[in-house]
1. Please list 92-104, 264-276, 151-163 highest first by mean number of surrounding beta-carbon atoms within 10 Å per residue.
2. If we count every other residue with Cβ under 15 angstrom of ASP52's Cβ, Lys/Arg +1 and Asp/Glu -1, where does the sum land?
3. Where the centre of each part is set by its Cα atoms, how far does region 132-182 sit from region 69-90, in angstrom?
4. If you average the alpha carbon positions of region 100-114 and of region 222-301, how far apart do those two centres end up, in angstrom?
5. Run the dipole for region 393-449 about the Cα centre, Lys and Arg Cβ at +1, Asp and Glu Cβ at -1, nothing else charged, and hand back the magnitude in debye, nearest 20.
6. Binning at 5 angstrom from zero up to the longest distance, how are the C-alpha pair distances of region 236-352 distributed in percent?
7. Roughly how big is region 218-271's charge dipole about its Cα centre, with Cβ charges of +1 (Lys, Arg) and -1 (Asp, Glu), in debye to the nearest 20?
8. Could you tell me which residue out of TRP16, ALA317, TYR74 lies farthest along the dipole of the chain toward its positive end? Charges go on the beta carbon: Lys and Arg +1, Asp and Glu -1, centred on the Cα centre.
Amino acid sequence: MTIQTQGTSARMVYQWDDTINGSQQRAVALQSSCETDLTRLEDLFDEYHGFDSTNRATIVVGDPGGGLASNFGYHSDGSTLITVTAWSGVNPAATADTGVRLEFVAEMCEILMGLRNARKGSSWDPGGSNGEGLSQYLAELFYPGGYYDSQLGHGPSRMTAWLNDPTRPDWVTKTDPEDKQAGRYGCAFLFLHFLHSQKGFSVKDIITKGGITLEDTYRNLMGSPGGWNEFSALLNRFFPLFFPATGPGQTQIQYSPERCNLFPLYDNYRRTSPIGTEEIAGYPTSTPGGAVVITPGLLCTKAEYSWNWLDPNSSLACTVRPTGFGNPVVSWVIDGTAVGGAGSLNVTGPVDLDRADHPGQPDRSVQAMTFSAVVSDVSDYTGAALRLTLKTADHLGTEQLTVETNIAEQYAPDIPPLGSVSWTTLHTHGVRYEPRYYADRDACRKRWDEFIDKYVRVRDINILLTLPDPGPDGLRRAAYAIQELQRELRRLQGEDPEMAARLGAELAGILNVSPATLQLANLTDLTDLTDGN
């Protein structure tokens, strides 16, 4: 075995074991990131100038001696040493690179604990459960994707070793002097998430106000004791050890969350459950349509375009991301109908069917819709996420859907559920014109934009820039908007009668009203202006 030197940076030397596959590549990766990571760690610890060109730390990619990484503490004589595994066999190489980087962060974190203790008195124990909890916390913070990559051997198992312990021992008011048992430092790891995500303290404040125990850290931050009591009571409410909580027939609950951070946990308005929707493309099919003479847009003449019916055959993914929950149980409702477990869903709701001769002005009707419905848990290390995927064999048009969720706590029935609602569409059948139509439409829009740019220099014409878009309660708003349109068009008529006439005709067509509705003086017949003249 020969240890090779890859290079140096301002505060570090990078070496690799030439008998270990991939070690040189990992040394190259470390050389590109360690200075930045050290600078960030120094800021979090508020400890600077521990290393320089006369006292470089040596980082070796090789055999750390039975674990994933090792260090021998801080030294001021250039002998500080960190050894990290090369992650041989991990693919792709970028994942292995992330592996050595997160191990460097964990080990350098412990070295800075020793430096801080030497300068400012004892707090974090680099060889104890609180120090190991902090080193894992910062490795997760710096490289979350790598921390939760199954190939790199980290993830929630450290935390769940304590969470699923039937006694959940207190490693907040006391510190284990060794850092070998995940069931002990896992408690510290989770408590740090509690301080940051539940109590709202910055990571820097948590580190710089650290005490001999985590209870001391809590007292330093809060000004009063009680960290273990608050932490354990909150977890016992949302993540109880047994179900039911009391009485005969108890069984211990085994939790397997996707991430280490179980916080925040709320029972009030601070909870959120936004619903996101996305159409997932399928394999589109088309059927013949015909030809139609239409105007592709404002300021454009009519022309003949061919068109087909297009069925996108897409599905709709509805995803809710609850925050503030421990073990959320989601009930889905589509257009007032609850989604059951049978996999099929029948609802009734509005459907818009395109009209080839009136682009953008579909016919609306209320129809029965049938979906296949699949509910899945897509949670990951970024947070909880529950998904409903809808697929239909119907080809009705643009189906207007109301998506609702009702979210309850699985093990805390006293907490009231939280409801959310979203409105979305699923396109199952529609008109698709030949490419020339869309090119002409884009050209029309460009001419419209040029007209607006020119006209706005004369006077604000905001109502024409923002055409009416009434909401569900928009009758009064629509009437007001038409009045504004009338007013604006009359003003424009005094400046440019021809332009006012053309705009009035186009707007009458868009609004599907008679030209007389716009009440333009001296424009007794607007229909001539819509046939290409």
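No value in this document is a laboratory result; all are computed from the given coordinates. Computed from a prediction, not measured in an experiment: that's the story for all the values here. Cβ coordinates were reconstructed from backbone atoms using ideal geometry, including for glycine residues, and neighbour counts include every protein chain displayed.
1. On the way: 92-104: 21.5, 264-276: 15.6, 151-163: 19.8.
Ranking, from highest mean packing down: 92-104, 151-163, 264-276.
2. On the way: positive: ARG11, ARG56; negative: GLU35, GLU42, GLU47, ASP77.
Charge balance near ASP52 sits at -2.
3. If you average the Cα positions of each part, the centres end up 20 Å apart.
4. 33
5. Dipole size: approximately 600 debye.
6. Going out from 0 Å in 5 Å bins, region 236-352 shows 2, 7, 9, 12, 12, 12, 11, 8, 7, 5, 5, 4, 3, 2, 1, 0, 0 percent.
7. Details: 5 positive and 3 negative charges, 25 e Å.
Here the size comes out at about 120 debye.
8. My answer, from the dipole projection, is TYR74.
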